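First up is the structure itself, then whatever we jot down about it.
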Amino acid sequence: MGFDACQTLVANIAEVIIGKKDSIELLLVAIIGDGHALIEDVPGVGKTLLAKSLARSIGGSFKRIQFTPDLLPADITGFNVYDRQSGTFDFKPGPVHTHILLADEINRTVPRTQASLLESMEEHQVTVDGNTHPLPSPFFVMATQNPIELEGTFPLPEAQLDRFLLKIHLGYPDHREEIAIMDRFQKEDPLTTLQAVIQPAEIQAMQEARKKIRVSQPIKQYIADIVQRTRNCDRLRFGASPRGSLGLMRASQALAAIRGRDFVLPDDVKALTTPVLAHRLILKDNEKLRGVEPIRVLQEIVQQIPVPVDEPDHA
């Protein structure tokens with residue numbers, strides 16, 4: 001399975017989302033890397049629109065959950081209903097039973113409900129009343145959230161954050177892009193005419209093909225050096241877990257494939273270090289008081305680690 005369709009997919013989404021090619025590419029990295037993506041930014045910059053555009057472009061089933069403070073875990077996973085005629089319980093699937101799940105404003109609900117997604121994201125299944133129900137494949141969660149400083153938000157637990165392969169920031173459009181957005185949306189919403197250019201089975205094939213992208217020992221050493229340094233940094237209370245190093249490797253493989261290579265380069269790792277690792281780091285309290293951001297600490301760590309110069313192992 002080739003990855004030529006990735007550029008077609010990027011171009012298709014760009015029909016709706018203007019000036020965010022890097023963000024679109026990161027979403028593809030998340031899907032092909034068999035992970036999930038968290039999109040964070042202030043309201044109104046297109047988080048939900050980006051998620052909907054991607055979902056429509058890759059076909060398959062799609063569900064959206066609007067997270068609110070009164071949302072219950074059963075509203076996500078589903079629940080059992082007693083059938084009086086048969087005397088048995090029938091399972092009513094929740095919206096999580098889909099290929100693409102848009103978890104909109106995930107930090108608007110309480111931690112208990114947020115945590116109900118953990119099993120789904122990690123194991124692609126849900127367990128209700130002791131019975132396990134598999135989810136469709138591929139299964140991909142695109143969660144959006146507003147910055148935690150905004151009123152009425154609940155910070156995601158660390159265990160939940162760690163399940164997201166990437167955290168993406170969109171940012172405001174520049175002056176030219178702002179005008180282009182107004183021009184494009186003046187007459188109609190381009191999302192209404194967006195068509196699928198790829199199918200779920202092709203996504204599955206890409207996920208399998210991604211596993212064959214070569215990662216040389218020097219590249220693995222480079223990833224391990226970065227992750228280990230986060231654990232030994234005196235400015236961090238907790239560094240990245242082994243899930244972080246595995247995620248950085250998978251994401252780097254996906255990015256290499258999207259860019260037409262069958263091997264990973266150090267530049268792939270460097271490009272993905274911040275979106276893959278920054279949301280997994282926990283600062284010490286004194287660093288928080290000083291206004292330090294995990295991204296800044298991570299960037300300093302990467303700058304201190306020598307970049308491998310060995311050629312990729314083609315053996």
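The values are calculated or read from the model by the stated rules, or taken from the named source; none is laboratory data. All figures in this text were calculated on a predicted structure; none of them were measured in a lab. Cβ coordinates were reconstructed from backbone atoms using ideal geometry, including for glycine residues, and neighbour counts include every protein chain displayed.
Structure data summary
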| quantity | calculated |
| --- | --- |
| Which listed residue, of Glu105, Glu119, Glu15, is surrounded by fewer than 19 Cβ atoms within 10 Å (Cβ to Cβ), under 18 Å from the mean Cα position of the chain (by Cα) and over 26 Å from Thr273 (Cβ atoms) | Glu119 |
| Single match in Asp34, Asp90 (criterion: of a type outside the set (A, V, I, L, M), over 17 Å from the mean Cα position of the chain (by Cα) and farther than 16 Å from Ala196 by Cα) | Asp90 |
| Filtered residue count, the stretch 37-52, keeping only those that are within 18 Å of Leu194 (Cα to Cα) and at pLDDT 85 or above | 3 |
| Out of Phe139, Phe89, sole residue that is among the aromatic types (Phe, Trp, Tyr), crowded, with 18+ Cβ neighbours inside 10 Å and over 25 Å from Tyr172 (Cα atoms) | Phe139 |
| Enumerated helices (runs of 4 or more DSSP H) restricted to the stretch 216-315, each holding at least 2 residues that are under 25 Å from the mean Cα position of the chain (by Cα) | 217-232, 242-258, 266-277, 294-304 |
| Residue selected from the stretch 1-14 under the condition assigned to a loop (DSSP other than H, G, I, E, B) and among the aliphatic types (A, V, I, L, M), by the criterion farthest from Ala51 (Cα to Cα) | Met1 |
| Given (1) assigned to a helix (DSSP H, G or I); (2) without any contact (Cβ under 8 Å) to a residue 40 or more places away in the chain; (3) among the β-branched types (Val, Ile, Thr), index of the condition Ile17 fails | (1) |
| Among (1) under 20 Å from Gly94 (Cα atoms); (2) crowded, with 23+ Cβ neighbours inside 10 Å; (3) modelled with pLDDT of 90 or more, the one test that Ala55 misses | (3) |
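Every residue, every condition in (1) surrounded by fewer than 17 Cβ atoms within 10 Å (Cβ to Cβ); (2) over 26 Å from Gly260 (Cα atoms); (3) at pLDDT 95 or above, yes or no:
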| residue | (1), (2), (3) |
| --- | --- |
| Asp189 | yes, yes, no |
| Thr192 | yes, yes, no |
| Ala196 | yes, no, no |
| Glu202 | no, no, no |
| Met206 | no, no, no |
| Ile223 | no, no, yes |
| Arg229 | no, yes, yes |
| Cys233 | no, yes, no |
| Leu236 | no, yes, no |
